[in-house]
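Asker: Structure incoming, see below.
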Amino acid sequence: MSLDWLPRDDTSKNHALFGDEHFSAAAPGVIFEKRPLLDAAGQPVDGLYSAWIWLNNPAQHNAYTTEMVKGVIAGFQRASSDRSVVAAVFAARGGKAWSSGGNTKEYAEYYTRRPHEYGDYIDLFNRMVDAVLECRKPVICRASGMRVAGGQEIGLAADLTVSSDLALYGQAGPRHGSSPVGGVTDFLPWFLTIEDAIYNCVSCELWSAYKMKLKGMISKVEPVLKKDGQWLRNPLVRTDAWLEDGEIVYGEPIAPESQAAARDLIAACTLDFSRIDGEIDKLIWNFANLFPNCLQTSLDSMRAKKRYFWDAAKHMNRHWLQANMNNEAWLGFNAFNTRKLTGRDTVDFIKLRQRLAEGAALDERLMEEVLAQPQGRGQG
Ligand SMILES: CC(C)(COP(=O)(O)OP(=O)(O)OC[C@H]1O[C@@H](n2cnc3c(N)ncnc32)[C@H](O)[C@@H]1OP(=O)(O)O)[C@@H](O)C(=O)NCCC(=O)NCCSC(=O)C1=CCCCC1=O
């Protein structure tokens with residue numbers, strides 16, 4: 001029996017929340033791009049796409065400005081609601097950094113001493129992390145360079161990471177005046193052992209892509225350097241041996257005395273991201289050959305574990321981050337932001353601890369005592 005008599009509306013609806021107002025081709029900005037889905041032979045498939053959300057601020061290591069945060073939210077919402085999109089790729093322009101997180105210039109010059117304003121910013125930041133975790137498409141982070149501080153927070157929100165072998169991973173907040181409670185303290189213990197997670201989080205050491213692959217934090221590492229048409233693995237990192245003198249050396253930095261020559265070698269190479277892009281194309285083609293809802297339910301069920309701690313803590317952490325803009329962030333981000341004037345990128349931590357041990361108030365006088373002065377400025 002025909003059901004033609006049932007009233008139906010077959011016009012297509014648009015579920016995107018935003019237009020193009022949060023995207024911009026000019027840096028600093030976020031670019032939204034749709035690329036045709038490629039089959040196993042590299043041929044475009046009709047009517048299906050991947051959505052690429054690009055951080056575009058390479059001059060500042062792709063640190064995100066407030067406007068860029070809005071662009072990321074808009075990008076993932078669009079990728080999520082566009083029925084022709086198979087997967088989303090979180091990418092960044094330039095080869096040095098994928099992202100070094102919150103914009104320290106904006107933080108120092110605008111948000112410190114304006115905690116209420118920073119609270120509003122963190123509401124946006126939290127939505128950015130949620131936009132990745134709530135995207136109804138698989139999300140691949142294309143880590144084309146270092147993923148540090150808030151960059152690591154938003155990168156870890158992605159489902160999978162395909163990495164350049166030049167990339168480094170770690171935190172900067174505890175050195176520069178923040179705490180990585182924008183996702184890292186919630187996500188990292190799922191990826192690493194708790195011992196490694198704690199050490200990587202608080203030491204502010206940057207670990208190589210090879211080391212992070214070995215520890216299970218990322219899916220793929222591919223070389224991006226080419227010399228005379230040949231691929232070259234990152235010469236700053238040990239990939240030639242597994243063990244030396246009973247220690248695992250694979251993925252560790254080469255000896256300090258060899259680093260200058262390795263940097264010169266890198267400078268003589270060209271960058272080619274085709275291997276990481278090839279791996280991303282393969283992943284997306286695999287996703288395309290799965291039932292979309294079975295795939296998404298599997299992802300959302302696993303994301304729920306990441307979200308368990310994130311959702312429990314994100315609102316409370318917002319209030320601590322806001323209050324901290326009158327506290328250590330005021331000291332630390334101003335120290336980093338004025339490092340070219342003073343020659344020093346952190347406060348004098350020992351002086352700070354000594355003064356706090358004496359019960360000093362956290363006021364402008366203490367700030368003056370622990371912050372390096374502009375070079376050439378006389379004392380008193
Ligand atoms: C370790 C670094 C990431 C990289 O060091 P290096 O490779 O030596 O590069 P630099 O010379 O330092 O940087 C190159 C230029 O980029 C500018 N830059 C780098 N990072 C930022 C940034 N985050 N914001 C703005 N500008 C940045 C740098 O000034 C250089 O430009 P210039 O014109 O001066 O040549 C190192 O760069 C570093 O430690 N960066 C700061 C990392 C950081 O502190 N990020 C913020 C942490 S807090 C955060 O992200 C949070 C997010 C939300 C939740 C709460 C929170 O705290």
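The values are calculated or read from the model by the stated rules, or taken from the named source; none is laboratory data. What you see is a predicted model; the values in this text were computed from it and never measured. Here the Cβ is made from the backbone with ideal geometry for all residues, glycine too, and neighbour counts use every protein chain on show. Each accessible area value is taken on the protein alone, full model and side chains, heavy atoms only, with ligands, DNA and RNA left out. Shrake-Rupley method; radii C 1.70, N 1.55, O 1.52, S 1.80 Å.
Asker: With respect to the numbered conditions (1) out of contact with any Ser or Thr (no Cβ under 6 Å at 6 or more places or on another chain); (2) surrounded by fewer than 24 Cβ atoms within 10 Å (Cβ to Cβ); (3) of a type in the set (A, V, I, L, M); (4) within 26 Å of Phe309 (Cβ to Cβ), which one is the sole condition not fulfilled by Val85?
Answerer: Here Val85 clears every test but (4).
Asker: Please give the number of the condition Gln375 fails out of (1) surrounded by 14 or more Cβ atoms within 10 Å (Cβ to Cβ); (2) assigned to a loop (DSSP other than H, G, I, E, B).
Answerer: It is condition (1) that Gln375 fails.
Asker: Now a separate question. Six or more apart or on different chains, Cβ atoms under 8 Å: show the pairs whose first residue is in the range 112-136 and small (Gly, Ala, Ser) and whose second is within 14 Å of the ligand (Cβ to nearest atom) and open to solvent by less than 10 Å² (accessible area, probe 1.4 Å).
Answerer: Going by the 8 Å Cβ cut-off, the qualifying pairs are Ala131/Val72.
Asker: For the range 280-363, which fully contained helices (runs of 4 or more DSSP H) count at least 1 residues that are at pLDDT 95 or above and buried (at least 18 other Cβ atoms within 10 Å of the Cβ)?
Answerer: The qualifying helices (runs of 4 or more DSSP H) are 292-324, 328-337, 349-357.
Asker: Open to solvent by less than 60 Å² (accessible area, probe 1.4 Å), part of a loop (DSSP other than H, G, I, E, B) and of a type outside the set (D, E, K, R): does that describe Ala16?
Answerer: yes
Asker: Here is a follow-up. Go through the residues of the range 104-117 one by one and say whether even a single one is under 16 Å from the mean Cα position of the chain (by Cα) and either among the small types (Gly, Ala, Ser) or open to solvent by less than 10 Å² (accessible area, probe 1.4 Å) (or both).
Answerer: So far as the range 104-117 goes, no, none of its residues is under 16 Å from the mean Cα position of the chain (by Cα) and either among the small types (Gly, Ala, Ser) or open to solvent by less than 10 Å² (accessible area, probe 1.4 Å) (or both).
Asker: Suppose the filter is in contact with a Leu (Cβ under 6 Å, 6 or more places away or on another chain), in contact (Cβ under 8 Å) with a residue 12 or more places away in the chain and within 26 Å of Ile266 (Cα to Cα); does Val237 pass it?
Answerer: Judged against the criteria, Val237 is not a match.
Asker: Is there a residue being more than 30 Å from Asn334 (Cβ to Cβ), of a type in the set (Val, Ile, Thr), out of contact with any helix residue (DSSP H, G or I) (no Cβ under 7 Å at 6 or more places or on another chain) and assigned by the TED database to the domain that holds Leu133 anywhere in the range 44-61?
Answerer: Checking the range 44-61: at least one residue is more than 30 Å from Asn334 (Cβ to Cβ), of a type in the set (Val, Ile, Thr), out of contact with any helix residue (DSSP H, G or I) (no Cβ under 7 Å at 6 or more places or on another chain) and assigned by the TED database to the domain that holds Leu133.
Asker: Let me ask another. Answer yes or no as to whether Ser80 is more than 14 Å from the ligand (Cβ to nearest atom), in the same structural domain as Phe309 (by the TED database) and in a helix (DSSP H, G or I).
Answerer: On the way: more than 14 Å from the ligand (Cβ to nearest atom): yes; in the same structural domain as Phe309 (by the TED database): yes; in a helix (DSSP H, G or I): yes.
Yes.
Asker: Next up: Does any residue of the range 44-60 turn out to be on the phi > 0 side of the Ramachandran plot, in contact (Cβ under 8 Å) with a residue 40 or more places away in the chain and not polar (S, T, N, Q)?
Answerer: no
Asker: A further question on this structure: Restricting to the range 147-168, and then to whatever is away from the ligand (no atom under 11 Å from the Cβ) and either closer than 22 Å to Ala335 by Cα or not in a loop (DSSP other than H, G, I, E, B) (or both), can you tell me which residue is most open to solvent (accessible area, probe 1.4 Å)?
Answerer: In this case the residue turns out to be Leu160.
Asker: Please give the number of the condition Asp186 fails out of (1) out of contact with any Gly (no Cβ under 7 Å at 6 or more places or on another chain); (2) under 25 Å from Ala255 (Cβ atoms); (3) within 16 Å of the ligand (Cβ to nearest atom); (4) open to solvent by 10 Å² or more (accessible area, probe 1.4 Å).
Answerer: Every condition holds for Asp186 apart from (2).
Asker: Follow-up question, since we're still on this one. If you take the residues in the range 128-146 that are within 12 Å of the ligand (Cβ to nearest atom) and not in a strand (DSSP E or B), which one is farthest from Ile218 (Cα to Cα)? Before the answer, list the steps.
Answerer: Of the residues in the range 128-146, the ones within 12 Å of the ligand (Cβ to nearest atom) are 128-129, 145-146.
If we keep only those that are not in a strand (DSSP E or B) as well, we get 128-129, 145.
Numbers: Met128: 21, Val129: 18, Gly145: 13 Å.
So, considering only residues that are within 12 Å of the ligand (Cβ to nearest atom) and not in a strand (DSSP E or B), the one farthest from Ile218 (Cα to Cα) is Met128.
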